[in-house]
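S.K.: Pasting in a structure now, in structure tokens, and then I'll have a few things to ask.
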Ligand SMILES: *Cc1c(COP(=O)(O)O)cnc(C)c1O
């Protein structure tokens, strides 16, 4: 598929069979192994090494990020794990203070084992991040290649927006390896490889597959050597997705552009309607955060860097108890973790013991779906009123 076509076209058209009279959709092979004859060299041996059925989706994700190589993994976490395993022993890893909890826990677990030193930064504070990057890169004991900067933007769940191009340029100039988790922005809103990221990680589970029925991850890179290392890691650790997941994710990603447009429109509408409710004494609502709100601390940066503000909002209630009561009273929204599906989900993040204490107890993360926005608004308002009454 020529790179000159728009992403909206590529996402629908890429990864389809070219042969005359072929099925419109690529075949998905349900097999663990491949036949052979001892006298012949065949490329396919065993499915843990990857199967041809992965390739249409791997090529599509690589294309969407304008990257040379895409690799599927059994989950976002296993894609992250494959990348963290590339870090040389005794190096430094800089991560956002409010990074995705599963990632932050993995990084902490590896640091506790002495694999590397972990540094947590406010990823929205460019000066703070760069000061840490410079300090780590200058560390006499650390060759500069032993430091890695891990960016998430917008962050999960606090929605901080990093100055991705500046951070990547500076880190690159200092020889620091860079990884960007692009799950929240999706390849339709931000492409970190354009700014020199060494690798982009996705939880395909979320917006890309989009229907809350798949767990899958992906890594996209322009670096052939890194890609080979990640592929070897996937094979050795057995972190391949199943063929059914590949089918579902490819089917789901075809509609990403329209799903994301609709969800983002709903999110923008809800964020501004909810903001208008701030200060109403009868409601337990104390804060609304969305990168597309002019009072978001990085609104200008988000406007400049992201081709859309995304479909995640947070609302903060007066207390943990009130937030839980709001969730109990929801009917259109589904209280559940995860995000990026067509259905609207809501979750109080601090219900997870691993979520940092800087995330308010009363904070609810809203993953806005594609339902009627008026219904979503009315349901949330009703749930907040009912919670306030009890
Ligand atoms: C969910 C998520 C992950 C982990 O992905 P899984 O597919 O659940 O393993 C990583 N990063 C971010 C930003 C996420 O939201």
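The values are calculated or read from the model by the stated rules, or taken from the named source; none is laboratory data. Only a predicted model underlies this, so the values are computations on that prediction, with no experimental measurement involved. Cβ sites come from the backbone with ideal geometry, for glycine too, and all protein chains shown count toward neighbours.
S.K.: If I ask for residues that are away from the ligand (no atom under 16 Å from the Cβ) and either surrounded by 15 or more Cβ atoms within 10 Å (Cβ to Cβ) or outside any loop (DSSP other than H, G, I, E, B) (or both), which ones from the range 59-82 would you list?
M.R.: 59, 60, 62, 63, 64, 66, 67, 69 - these are the residues of the range 59-82 that are away from the ligand (no atom under 16 Å from the Cβ) and either surrounded by 15 or more Cβ atoms within 10 Å (Cβ to Cβ) or outside any loop (DSSP other than H, G, I, E, B) (or both).
S.K.: Just one of the numbered conditions (1) in contact (Cβ under 8 Å) with a residue 24 or more places away in the chain; (2) surrounded by fewer than 15 Cβ atoms within 10 Å (Cβ to Cβ) is not true of residue 228; which one?
M.R.: The single condition residue 228 does not satisfy is (1).
S.K.: Test residue 354 against the criterion of being in a loop (DSSP other than H, G, I, E, B) and either more than 16 Å from the chain's Cα centre (by Cα) or within 16 Å of the ligand (Cβ to nearest atom) (or both), and give yes or no.
M.R.: Taking the combined requirement at face value, the residue satisfies it.
S.K.: For the range 96-108, does any single residue satisfy the condition of being under 26 Å from residue 189 (Cα atoms), assigned to a loop (DSSP other than H, G, I, E, B) and in contact with a strand residue (DSSP E or B) (Cβ under 6 Å, 6 or more places away or on another chain)?
M.R.: Checked the range 96-108: at least one residue is under 26 Å from residue 189 (Cα atoms), assigned to a loop (DSSP other than H, G, I, E, B) and in contact with a strand residue (DSSP E or B) (Cβ under 6 Å, 6 or more places away or on another chain).
S.K.: Can you tell me which of 384, 330 is away from the ligand (no atom under 16 Å from the Cβ), part of a loop (DSSP other than H, G, I, E, B), touching a helix residue (DSSP H, G or I) at 6+ places or on another chain (Cβ under 6 Å) and assigned by TED's automatic domain parsing to the domain that holds residue 264?
M.R.: 330
S.K.: All but one of (1) assigned by TED's automatic domain parsing to the domain that holds residue 133; (2) modelled with pLDDT under 95 hold for residue 84; which doesn't?
M.R.: (2)
S.K.: Looking only at residues in the range 221-244 that are in a loop (DSSP other than H, G, I, E, B) and away from the ligand (no atom under 16 Å from the Cβ), which one is farthest from residue 257 (Cα to Cα)?
M.R.: Per the stated criteria, the residue is 223.
S.K.: If I filter the range 28-52 down to residues being more than 27 Å from the chain's Cα centre (by Cα) and within 17 Å of residue 248 (Cα to Cα), which single residue comes out as surrounded by the fewest Cβ atoms within 10 Å (Cβ to Cβ)?
M.R.: Within the range 28-52, the match that is surrounded by the fewest Cβ atoms within 10 Å (Cβ to Cβ) is 30.
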